[in-house]
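The values are calculated or read from the model by the stated rules, or taken from the named source; none is laboratory data. Just so you know, these numbers come straight off a predicted model, no measurement behind them. Methodologically, a virtual Cβ is constructed for each residue, glycine included, from the backbone with ideal geometry; neighbour enumeration extends over all protein chains shown. What goes into the accessible areas is simple: the full protein's heavy atoms, side chains included, and nothing from ligands, DNA or RNA. Shrake-Rupley method; radii C 1.70, N 1.55, O 1.52, S 1.80 Å.
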Amino acid sequence: KNKMRCILLLQLMCNVFSSVVCSAPEQSHLSLTHNATEMAVTYVTRPKSNPMPASVVFYGESANSLSLKQTGSAKTYSDGGWDGWIHNVVLSGLKPNKTYYYRCGEERDGGTVHNFTSPPQSNDTYPITVAFFADLGEECALVGCGNLTFDRLTQGTLGGLYDLIVHAGDIAYTSGHQSVWDDFFAELEPIAANRPYMTIPGNHGWACLSVRICSL
């Protein structure tokens, strides 16, 4: 009963106060930039509140001290009735080969603290392990779904086996259903929120017809 009351209260606040962010930051994922001292963070908030919630990431060298702050920008789209904001924030001034902790959104938004290791210096020669795969859709109960791949990637990422994730085309297999993007990136978050997740357009997404493809 108490949980249901909380849900109803949150829904009421969302309807009355348009400035309230009605979901915690979700679907966080990292990507490299052309600058080795940077890391790009992309995340989603839903639904599309007005005014738009701040695109902000707090980060630092300790999970208990996220003293650095970086702001960015957001965009949205309405294909398939999708309702939300896609935020992009670039963290800068990173030290080489250093573990950083970060949280998307303000503390009140309830975002999860993730971590990553910044890129090494250009003259570092130690091995870098890349998880390289293609043709991965969301988890499901059908033959050929990506459940085992997700499991292996999650275990390897959390176990420190991979330094970089490369998805070489055919991402999510949405078939025009925008909710599949949300499901896919929610399943991918334990992996892509903790390691840079780089993508290559495949034949199902090469034309960049979706804002979700273009924002990777």
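Solvent-accessible area of D109, all protein chains in place: 40 Å² (probe radius 1.4 Å, heavy atoms, ligands and nucleic acids excluded).
Counting only protein heavy atoms and using a 1.4 Å probe, the accessible area of Y173 comes to about 90 Å². With the crude spin-label approximation of a point 7 Å out along Cα→Cβ, what separation in nm comes out for K95 versus S67? A separation of 1.2 nm, rounded to one decimal place.
Ordered by 1.4 Å accessible area with all protein chains kept, F132, F58 run largest first as F132, F58.
Measure out, as a whole number of angstrom, how far apart the alpha-carbon centroids of segment 26-94 and segment 145-206 sit. Centre-to-centre (Cα) distance: 18 Å. What is segment 147-192 by shape, rounded, prolate or oblate, if you read a ≥ b ≥ c off the alpha carbon gyration tensor as root eigenvalues and call it rounded for a/c under 1.5, prolate for a/b larger than b/c, and oblate otherwise? Taking the square roots of the gyration eigenvalues as a ≥ b ≥ c, segment 147-192 is prolate.
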